[in-house]
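Please read the structure below before turning to the comments.
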Amino acid sequence: MSIKKKFFSLPKLRVSDVTIIAIMMALSFILNKVGIHTQYIVITPTFIVTVLLCYLYGPIWMAIVLGITDILFTFIGGSGLYIPGFTISAILTGFIYGSFLFKDYQFKTRNLISAQIIISLVIHIFLNTLWLTLYNGINWKVIIISRLIKELILVPIQLIVLVGLFNIPTVQKLIKDHWN
């Protein structure tokens with residue numbers, strides 16, 4: 001598969017695809033309410049939905065969907081002031097996961113690990129800390145340690161959960177059926 005086709009193609013969505021994305025966005029909204037929410041750290045199980053959708057629909061669609069989802073969640077969920085930087089982070093997250101996982105017919109753990117490390121370092125530790133410091137007007141040194149600890153703990157847990165999920169035969173069958 002060519003780089004252009006893998007990274008920059010916009011696969012046609014069927015009605016069933018739009019329905020799946022909408023249902024998964026709703027599930028993500030619900031899962032976002034279940035978790036730990038502090039001023040500087042948010043821990044939720046929404047990563048499962050994000051990675052599964054990125055695996056199925058690729059970098060372009062998921063960048064668009066996650067950008068829209070971030071905006072909708074801010075206004076519908078009443079989570080406070082809209083910060084455009086987090087929308088940029090969501091778009092980049094969708095693009096990165098989608099780039100590493102889309103059309104990966106034989107699930108490769110190394111692709112997931114690569115995507116997870118890039119997202120953890122670039123998006124969660126660097127960009128999201130930047131948005132928080134710009135929005136809250138505090139020194140980044142105040143929150144960086146707690147954010148680093150969070151990532152060091154969560155990345156292995158997320159990887160274990162996702163590798164386990166993608167190795168479930170039912171999930172493999174659903175993905176295979178989706179691409180056929």
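The values are calculated or read from the model by the stated rules, or taken from the named source; none is laboratory data. Only a predicted model underlies this, so the values are computations on that prediction, with no experimental measurement involved. In this analysis, Cβ positions are derived from the backbone assuming ideal geometry, glycine residues included, and neighbour counts consider all displayed protein chains. These accessible areas exclude ligands, DNA and RNA; they are computed on the full protein's heavy atoms, side chains included. Shrake-Rupley method; radii C 1.70, N 1.55, O 1.52, S 1.80 Å.
Quick look at the values:
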read-out: Equivalent ellipsoid semi-axes, the stretch 46-109, via Cα gyration tensor eigenvalues times 5, rooted, Å; value: 24, 10, 8
read-out: Using a Förster distance of 30 Å, the FRET efficiency for residue 29-residue 165 (Cβ separation, nearest 0.05); value: 0.95
read-out: Inter-label distance, nm, simple model (7 Å from Cα along the C-beta direction), residue 81/residue 157; value: 2.9
read-out: Long pairs among 108/176; 33/150; 33/173; 33/103; 103/173; 108/173, criterion Cα-Cα beyond 22 Å; value: 33/173; 33/103
read-out: Spatial separation of Cα centroids for the stretch 118-144 and the stretch 38-58, in angstrom; value: 18
read-out: Accessible area of residue 24 in the full protein assembly, 1.4 Å probe (Å², nearest 10); value: 30
read-out: Length gained when the stretch residue 22-residue 109 is fully extended (0.36 nm per residue, less Cα-Cα span); value: 28.6 nm
read-out: Accessible solvent surface per residue of the chain, calculated while the other protein chains remain in place, 1.4 angstrom probe, Å²; value: 56
read-out: Kirkwood Rh in Å, taken over all unlike Cα pairs in the chain; value: 16.9
read-out: Length gained when the stretch residue 134-residue 43 is fully extended (0.36 nm per residue, less Cα-Cα span); value: 30.7 nm
read-out: Simple Cβ-charge dipole of the chain, Lys/Arg +1 and Asp/Glu -1, about Cα centre, in debye nearest 20; value: 420
read-out: Portion, in percent, of the accessible area of the stretch 39-177 that falls on carbon or sulfur, probe 1.4 Å; value: 74
read-out: Rough spin-label spacing in nm, given labels placed 7 Å along Cα→Cβ, for residue 71 and residue 118; value: 2.5
